[in-house]
Amino acid sequence: MIKIAPSVLSCDFSKIGEEVKSIDECGADWIHIDVMDGHFVPNLTFGAPVVKCFRKCTDKVFDCHLMISNPLEYVEDFVKAGADIINFHVECDSPIDATLDKIRSLGCKTGLAVKPNTPVEAVFDYLEKLDLILIMTVEPGFGGQKFMDMSDKIKALRAECKKRGLCPDIQVDGGISPATAPVVVNAGANVLVAGSAVFGAEDRKKAIADLRS
Ligand code: DX5
Ligand code: ZN
């Protein structure tokens, strides 16, 4: 089943609580929360205290995408703030196994993300510990960028998972729209993150439905 995870990075931050409620009511499956530290990526967003505030606005699954250098240091804060999935980058400075073990020990789901220039094989050593793999379809850091076709990576990942009898969520993030969604879904992705395609639409309910179909 396809899941749609609107990214709050593209919302109007002057009324962020209403924005989170709005995408909940418009049919989002998950809420994608982009955390950036100005070091791992050249942009800053917010930390766990803000995620805690979002938690008051919705019961939907919180998919926290940590674009930060040292996720291990912050995992516990985000879980306490209400994260359901902690999604961090294989290119980060924290030890990957220890970070995944910590996330699981706190009762949270695990996700590992790969940037466009990182081979997907970089996550293969960890597949048995992963609930989700995020294949970035833009360079992480900003919303509204142009989609990069990562179909070969998605296909290779799906094939490897199948070979091992695994069926994790495969998520894509960046430049996802009704035009690019079929490309990634046909390759094997089942969770679509969308920032501008949802928040930039006049009718968000329709935008989410269009992506899903
Ligand atoms: C980029 C973020 C994305 C971003 C997607 O670093 O991880 O989640 O918000 O925005 P769009 O859908 O506009 O490319
Ligand atoms: Zn993201």
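Working note: Cα atoms of region 149-213, range along each principal axis, descending, whole Å: 43, 19, 16. The helix-only estimate of mean residue ellipticity at 222 nm for the chain, built from DSSP H runs of length n ≥ 4 each weighted as -39500 (n - 2.57), is -9500 deg cm²/dmol after division by the residue total. Peptides 119-129, 83-93 ranked from most to least packed give 83-93, 119-129, packing being the mean of other C-beta atoms within 10 angstrom over each peptide's residues. Multiplying the residue separation of Glu25 and Gln145 by 0.36 nm and subtracting their alpha-carbon distance yields 40.6 nm. The distance separating the Cα centre of region 151-213 from that of region 20-59 comes to 19 Å. If you take the square roots of the eigenvalues of the alpha-carbon gyration tensor of region 1-95 and sort them as a ≥ b ≥ c, do you get rounded (a/c under 1.5), prolate (a/b over b/c) or oblate? Prolate, because a/c is 1.5 or more and a/b exceeds b/c. If only the Cβ of Lys and Arg carry +1 and only the Cβ of Asp and Glu carry -1, the dipole of the chain around its Cα centre is close to 500 debye. Model label sites at Leu44 and Ser14, defined 7 Å from Cα along the beta-carbon direction, differ in position by 2.2 nm.
Taking the empirical scaling 2.2 N^0.38 Å for compact globular proteins as reference, the chain has a Cα radius of gyration ratio of 0.93.
Read the figures in this text as sums done on the coordinates, not as results from a lab. Here the structure is a predicted model, which means the values were calculated and not measured. We place every Cβ from the backbone using ideal geometry, glycine too, and count neighbours over all the protein chains shown.
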